[in-house]
């Protein structure tokens, strides 16, 4: 290992003087110089767009040199000279990729988009060059074939097996001709994904609905003020501007009585990327599906879904499909009941009118007010952004003893602010950035990701730098940003991802990532605390008076918690099913995107008043992110998060430190050191039980018996009452059983390794 280290040091020194022509020139690029800002945060104050491409070129060259050092070693392969050396390689490239991925999603511009188009194919080719390196794979394969004789511990064995599988999945076993074709496919895919996301952002930014002052009935003063401010920015002096950003679109759809305007706004949103113009995504969708299927075939899989799910907890598209089918009918049945109740309200307003998709938000809110005497706007004053941030910090302290303090460090945008995370003993855990409000260069939705990852250097833990990026309702005039319930839950959700990254204590970089259908567990479980009465008392105070949220509002909130769940679950599952079925295609023929999507949803029996949460032309999760064939992840993880939260309920203390410690040490710290089901069993002592999820969704009675077709919500095989074996573990059916996620999680942007990017608030009161 020391020999390899010395060789890498020599190579690094050589690269320093050759890659950019001179040491001085290299030092002029802040991405290549030593990062001297506090806590190792990126030098955002010095980074310019023109720095990225040369830095990446340098990092790829260095990575190539590190790989050459491994394969040029004439000694027999050992875990130290091959696996450890490989795991340590490419640190600079990984660091640059994380920073660029986060910044290009949170603060893009024409220059960064141009860099993306140049860079993505180069990065794809670079990765292929390494993963298809016969000499490197030969050394790894030698170790893999003799792994039982090497005396490896559990983590070392997992690193070896996982690395071998990654090489095989990347084409290491293919012949030269197929490797070359796979390389060309990967380059094309990388570029198409960039163009898809660019088109969605352009379409979102381009639409504005100008409205007059007399057309703002039902809207809060905050929404009106924001619309006025946006109109002035656009030069619309006598108008108010409604945009496709969630804080503008959702309130208008929810509260505006102007039906024709709601229709315009809704249709603009669901038609993004579908206008047969320069930003149309339908051909890109075809090209992505064609290339993904060809890639899967080259690697020996019947479909791209088979390829993707082979390394997830679900293991097969059939298991994921059974999960979705199990909740579909009860969700749709509930949605039909909701529709019938809302249609009666529409008929009162417009006798003989046909209920349309753009009516759902508006009449759902009317129905909620009628049933529960509850208007969500009554709650906003108690959920200022400062209060909710205080709430998540309080929760982290109660559960884990950790604290957060503001720090002055470089930021990539003036809106961003940073905090140092301190462990219970005062040691440094990492840095957490917050970036809350929409702007033109920011992708839609909300996500959490790494600017730098946790890793070990000479036996010492190097702490991560993490970012939470959102598009919340901004402050207007003298009022602070007041969040709705969905935005509040979203911040708890993303903070869960942040804790996952901050707590990471993973020995090997190759064991950072978890299965996609496990990665939402740390985020979704945090949502369970958001509106618990005991939790609300600690953070939900009126921003003007300081009054704690009154009990009568809390009770109304809790009584209405199951409201509109039919819609929320139906639109979510519809998107997951279309994604899965599209990627289960085993033979490609050019298809008309809209017609094919309608064919799928008609086959499910989806009612016309509900569209899938994302339609194909703007479904960035699956075409520009890391969720292709994996949008079911959210439902799968919901089984886990609701069952995990039951551990706290069963203890009688929602802040039980003992249980929280187990969750931290067995799940949050471990990364991908073991498979997801193994980690879950280590925490819970048994398999996850789906009954908690069914109760939370209102699909079972209080005793836990399922309602109608929801009895197999986790996808039990052929209706087996014993449960389903998936991903090495059993997801139980309704009967008692005592024994028992990679990357930037994407919403409207791209995936990067080991982060979480997701959760746009794009549904009627629902996130992903």
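Per-residue extension of 0.36 nm, minus the Cα-Cα distance of residue 270 and residue 439, leaves a gain of 58.8 nm for this segment. With contributions of -39500 (n - 2.57) from each DSSP H run of at least four residues, the per-residue ellipticity at 222 nm computed over the chain stands at -16000 deg cm²/dmol. Of 585, 693, the sequence from fewest to most neighbouring Cβ atoms within 10 angstrom is 585, 693.
The listed peptides 558-566, 517-525, ordered by packing as a protection proxy, come out as 517-525, 558-566 (highest mean of other Cβ atoms within 10 Å first).
Nearest 5 is fine: what % of DSSP beta bridges in the chain come out antiparallel, could you say?
Bridges in the chain are about 85 percent antiparallel.
The shape of segment 207-270 can be summarised by an equivalent ellipsoid whose semi-axes, obtained from the alpha carbon gyration tensor, come to 16, 13, 11 Å from longest to shortest. A Cα-only calculation for the chain places Rg and Dmax at 25.6, 84 Å.
Fully extending the segment from residue 114 to residue 477, taken as 0.36 nm per residue of separation minus the present Cα-Cα distance, adds 127.1 nm. Working note: Cα gyration tensor of segment 630-695, eigenvalues times five, square-rooted, sorted largest first, giving semi-axes of 18, 17, 9 Å. Note: relative contact order over segment 127-245, using C-alpha pairs below 8 Å and six or more positions apart, is 22 percent. Using the Cβ-Cβ distance between residue 456 and residue 74 with R0 set to 30 Å, the FRET efficiency works out to roughly 0.60. Extension gain, residue 278 to residue 161: 0.36 nm times the residue separation minus the Cα-Cα distance gives 37.6 nm. Legend: calculated FRET efficiency, residue 595 to residue 234, from the Cβ-Cβ distance at R0 = 51 Å, rounded to 0.05, equals 0.90.
Between residue 153 and residue 344, the distance separating the two model label sites (each 7 Å from Cα on the Cα→Cβ line) works out to 6.5 nm. Calculated FRET efficiency, residue 221 to residue 353, Cβ-Cβ distance, R0 = 35 Å: about 0.75 to the nearest 0.05.
Students often check this: by mean Cβ neighbours within 10 Å, which of 587-595, 535-543 ranks highest, and how do the rest follow?
So the peptides 587-595, 535-543, ranked by packing, come out 535-543, 587-595.
Each peptide in 347-359, 182-194 receives the mean, over its residues, of other Cβ atoms within 10 Å, and ordering these scores from highest gives 182-194, 347-359. So if I take the centroid of the Cα atoms in segment 630-678 and the same for segment 476-498, what is the distance between those two points in Å? So the separation of the two Cα centres works out to 23 Å. The orientation-averaged shadow of the Cα convex hull for segment 189-301, equal to a quarter of the hull surface, comes to 8.9 nm².
Since every read-out is calculated from the coordinates, none of them should be taken as a lab result. What you are looking at is a predicted structure, and each value in this text was computed from that prediction instead of being measured. Don't worry about glycine lacking a Cβ; one is built from the backbone with ideal geometry, like all the others, and counts go over all protein chains shown.
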